[in-house]
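Heads up: the structure comes next, in C-alpha cells.
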Amino acid sequence: GGKSMMEHRLELLGREHLTVSGVEDVERFDENCIVFVWGEGDITITPALTKGSASGKTKVTSASVTVPGGSSCYAKVGTSPVAVAVGEAFDNTGWTSCTPGTTEFSVTAGQYITLVIYDTTTTVVQDTGYVKVTAGDIGS
C-alpha cells in the first residue's frame, strides 16, 4: 500500500501557547520563525497576523507563508478552522485568494483564518494551517 497521510494540526492560543502535531522534526525555532519538517515535505510557519489598514481588518504576515511557483494560496475566515488535508484535491469555491502580507480580511476576535496552499495544475493541497484571531490582530 501507499504511505498513509499524517494529520497536521496547528493551534496558537493568545500568541503564548502553540500546539503542533504531525511534525517529524524542527529545523529552526526562534522568535521570528519556526521551520517544521512534515511527513509530506516542509512548511514554514511564522505564527503571526498583523493589523489591517482599517477597523476590523487583519492580514497574514508575508513571512508566515511561502507560496511556491505554480501554487496558489487561499483563505477562509470562520468560527472554527476548516479541515483540509495535505494531498487531497482542493476546491476553492467559497474561499478567498490570498496574497500573504497584502490581502486583508474582515474579522472579529475569536474567529479563525484557515490557509491552504495548493498546486494550481493538479489542485492537490501542498500545505495548510490556521490561526485564531485575537483582538490585538485587528486594525482599529
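Things worth noting here:
- Condition met for Ser53 (within 22 Å of Glu11 (Cβ to Cβ), assigned to a loop (DSSP other than H, G, I, E, B) and at pLDDT 85 or above): no
- Scanning region 77-113 for residues that are over 12 Å from Asp137 (Cβ atoms), in contact (Cβ under 8 Å) with a residue 24 or more places away in the chain and open to solvent by 60 Å² or more (accessible area, probe 1.4 Å) gives Thr79, Ser80, Glu88, Ala89, Asp91, Ser97, Thr99, Thr102, Ser106.
- Checklist (1) at pLDDT 90 or above; (2) under 21 Å from Pro68 (Cα atoms); (3) of a type in the set (A, V, I, L, M) applied to Val133, failing item: (2)
- Among the criteria (1) assigned to a loop (DSSP other than H, G, I, E, B); (2) under 16 Å from Glu11 (Cβ atoms); (3) modelled with pLDDT under 90, the one Val86 does not fulfil is (2).
- Region 114-125 - residue that is hydrophobic (A, V, I, L, M, F, W, C) and in contact (Cβ under 8 Å) with a residue 40 or more places away in the chain and, of those, farthest from Ser71 (Cα to Cα): Leu115
- If only residues of region 56-65 that are surrounded by fewer than 17 Cβ atoms within 10 Å (Cβ to Cβ) and assigned to a loop (DSSP other than H, G, I, E, B) are counted, the one that is farthest from the chain's Cα centre (by Cα) is Gly56.
- Scope region 95-140; condition aromatic (Phe, Trp, Tyr) and assigned to a loop (DSSP other than H, G, I, E, B); matching residues: Trp95
- Gly129 meets all of the listed conditions (1) crowded, with 19+ Cβ neighbours inside 10 Å; (2) small (Gly, Ala, Ser); (3) touching a helix residue (DSSP H, G or I) at 6+ places or on another chain (Cβ under 7 Å) but one, namely (3).
The values are calculated or read from the model by the stated rules, or taken from the named source; none is laboratory data. On a predicted model such as this, the values are computed, not experimentally measured, just so you know. Quick reminder, even Gly has a Cβ in these numbers, built from the backbone with ideal geometry, and neighbours come from all protein chains shown. Ligands, DNA and RNA are stripped out before the accessible areas are found, and what is left, the full protein with its side chains, is counted by its heavy atoms. Shrake-Rupley method; radii C 1.70, N 1.55, O 1.52, S 1.80 Å.
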